[in-house]
Amino acid sequence: MKTETRTLAFSAFMALLIGCAGITATLASNSQAILLDGLFNLIYFSVALVTIKVSKLASRPDSESYPFGYSYFESLVNLCKGLLILGVSIFALVDALVALLSGGREIAAGLAVIYALFATLACSLTAWVMHRSQRYTASPLIAADKLNWIVNSVISAAVLAAFCLVVLLEQLNLNTLVPYIDSVLVIAVVVLCLGVPVRMASQALKELLNKTPEEAIAAPVRDAISQALAETHTQEVRVRMVRPGRLLYVMVHVVLPDEGVTTSLTAQDELRARIDEQVRRCYAPVVCDVVFTADTLWAAPSCGLLIERHA
């Protein structure tokens with residue numbers, strides 16, 4: 001799929017399909033592992049509907065109501081995804097521990113195996129579609145969805161392996177172990193995959209708090225700005241950048257001498273265009289604001305309070 005909206009719509013449809021199948025299979029198999037998978041996908045489906053709306057907003061320019069654009073909505077959606085997944089995981093973990101301490105839970109292994117096989121194939125297919133779509137669109141929403149479906153595929157494969165083990169144990173008449181497998185499986189899956197929603201929510205929260213993006217993005221941008229200003233006499237250059245969602249916002253304060261060839265607006269616009277061009281070679285989409293001044297005060301870090309000027 002070559003468009004972001006179609007890819008996200010496909011992801012939402014698959015989440016709804018697997019979620020409904022999971023809830024139906026839970027009623028017949030009594031498996032909490034399947035219930036966890038079904039709830040996870042139904043919750044993800046509800047968030048996916050919002051994600052599709054946000055993907056359309058993110059491509060719009062800024063407006064009077066949102067003067068810095070809509071990219072922060074992407075970070076907000078990814079934060080909600082991470083927190084929802086984390087909440088469902090913790091709920092499932094507590095429930096599995098209670099079941100384990102109370103003697104386990106009997107499940108219908110045959111139906112559980114069929115569902116787990118279906119879920120593994122469906123999740124793997126969706127993860128592959130997300131991966132293919134990244135060739136055509138650099139979207140943090142699709143990247144987050146891809147990570148979700150990869151984790152979901154691993155979880156479903158682990159559930160399939162565990163339910164196959166239940167069938168094997170029943171064939172070997174080791175029925176005393178069977179009631180505990182479902183609870184142990186849920187605990188193992190949650191513990192192993194808990195880092196994924198934590199990292200997703202943590203990254204999104206950093207973006208919402210305007211933290212500088214990771215050095216893999218920030219360092220090449222700084223180098224590009226230095227290269228663009230290499231032949232210009234500057235007294236000081238300060239670079240600030242944030243990356244809400246897919247958009248990189250770069251603010252450059254360039255302190256110039258009081259006199260020189262760069263004092264005219266035409267010369268400064270040429271410098272501004274050169275900086276913007278160099279930065280776009282490193283990252284896009286990007287908004288690059290370049291401010292020229294002859295006073296270091298206007299480039300210095302500020303908390304927004306009035307600063308007394310010294311003579």
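None of the figures in this text is laboratory data; all of them are computed from the coordinates on show. Everything numeric here is computed off the predicted structure, so don't read it as measured data. Counting neighbours? That spans all protein chains shown, and the Cβs are built from the backbone with ideal geometry, glycine included.
Computed from backbone phi, the HN-Hα couplings of the stretch 55-70 come to 4, 6, 5, 5, 8, 8, x, 5, 9, 5, 6, 10, x, 10, x, 10 Hz, rounded to whole numbers (Karplus: 6.51 cos²θ - 1.76 cosθ + 1.60, θ = phi - 60°; Gly and Pro given as x). Rounded to the nearest 10 degrees, the angle from helix 140-171 to the longest Cα principal axis of the chain is 20 degrees.
Once you keep just the Cα pairs under 8 angstrom separated by 6 or more residues, what percentage relative contact order results for the chain?
Averaging sequence separation for qualifying contacts and normalising by length gives 18 percent for the chain.
So if R0 is 30 Å, what FRET efficiency would Ile217 and Thr263 give, r being the distance between their Cβ atoms, rounded to the nearest 0.05? Efficiency, rounded to the nearest 0.05: 0.35.
Computed from Cα atoms, the angle from the helix 4-29 axis to the main principal axis of the chain rounds to 20 degrees.
Per-residue extension of 0.36 nm, minus the Cα-Cα distance of Gln134 and Lys53, leaves a gain of 27.3 nm for this segment. Among 31-43, 63-75, the peptide with the highest mean count of other Cβ atoms within 10 Å heads the list, and the full ranking is 31-43, 63-75. In the chain, helical runs assigned H by DSSP with n ≥ 4 each contribute -39500 (n - 2.57); averaged across all residues and rounded to the nearest 500, the mean residue ellipticity at 222 nm is -22500 deg cm²/dmol.
Geometric descriptor of the chain, per residue, is 155 Å³ (volume of the convex hull of the Cα atoms).
Against the chain, whose longest principal axis comes from its Cα atoms, helix 265-282 is set at around 20 degrees. Could you give the length gained by full extension between Gln171 and Leu125, i.e. 0.36 nm per residue of separation minus their alpha carbon distance, to one decimal place? Taking 0.36 nm per residue and subtracting the Cα distance, the gain is 13.4 nm.
If you average the sequence gap of Cα pairs under 8 Å that are 6 or more apart and divide by the length of the stretch 215-298, what percent do you get for the contact order?
Relative contact order, the stretch 215-298: 37 percent.
Only the Cβ atoms of Lys and Arg (+1) and of Asp and Glu (-1) were treated as charged; on that basis the dipole of the chain about its Cα centre amounts to roughly 680 debye. Most tightly packed first, judged by the mean number of other beta-carbon atoms within 10 Å of their residues, the peptides 250-258, 165-173, 223-231 read 250-258, 223-231, 165-173.
In the elastic network of the chain, a GNM with C-alpha springs shorter than 10 Å, the most mobile of Ala96, Ala267, Ala157 is Ala267. This model, with +1 at the C-beta of Lys and Arg and -1 at the C-beta of Asp and Glu, gives the stretch 215-298 a dipole about its Cα centre of some 520 debye. Using only alpha-carbon positions in the stretch 21-177, the gyration tensor eigenvalues give semi-axes of 38, 17, 11 Å once each is multiplied by 5 and square-rooted (largest first). Considering only Ala12, Ala219, Ala25, the mean-square fluctuation computed in a Gaussian network model of the chain, springs between alpha carbons under 10 angstrom, is largest for Ala219.
Working from Cα pairs under 8 Å separated by at least six residues, relative contact order for the stretch 35-102 is 35 percent.
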